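The values are calculated or read from the model by the stated rules, or taken from the named source; none is laboratory data. As the structure is a computational prediction, the values presented were derived from the model and not from experiment. Cβ coordinates were reconstructed from backbone atoms using ideal geometry, including for glycine residues, and neighbour counts include every protein chain displayed. Protein only, heavy atoms only, side chains kept; ligands, DNA and RNA dropped before computing areas. Shrake-Rupley method; radii C 1.70, N 1.55, O 1.52, S 1.80 Å.
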Amino acid sequence: AASDVYKRQLMKLAIITARTACRVMRLVRARDGQVPEAARDLFEPDQIELLAALQLKYEGRTAQQKNPHPPGTLAWAAWIIARLGGWKSSSKSESPPGALTMRRGLAEFDGIWHGYTLGKKCS
């Protein structure tokens, strides 16, 4: 009865949390470009298009402010997600983006993605 509903809700929450944690850790692992994974392993094709559009907003003018990874790789996507999470790519003294930055970036991306898909449905 009520306890079964509570257990199902907890199970759903655990699954969502585990899925998010896996996505975050894959992005952290890929951030340096040492892991040869494609962005499509973690993102849908439309999400990759959105990431490419967001890159234009978050890249700077100097070489140090540009995404150094080949487009379409998971490292490329991780750089964009890290920028969404508040990481400043131009600072040499700043450490590489970690799990918290990636989690914040993914949450920001998911919100942008939600708005993007709603906009596509309305047009």
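Values computed for the structure shown
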| quantity | calculated |
| --- | --- |
| Count - residues of the range 101-123 that are in a helix (DSSP H, G or I), over 13 Å from LEU50 (Cα atoms) and open to solvent by 50 Å² or more (accessible area, probe 1.4 Å) | 6 |
| Among residues of the range 50-65, those that are over 22 Å from LYS120 (Cα atoms) and open to solvent by less than 80 Å² (accessible area, probe 1.4 Å), counted | 5 |
| Criterion: at pLDDT 95 or above and touching a Lys or Arg at 6+ places or on another chain (Cβ under 7 Å) - qualifying residue of LEU54, LEU106 | LEU106 |
| Qualifying residues in the range 22-49 (those that are of a type in the set (D, E, K, R), more than 20 Å from LYS120 (Cα to Cα) and assigned to a helix (DSSP H, G or I)) - the one least open to solvent (accessible area, probe 1.4 Å) | ARG23 |
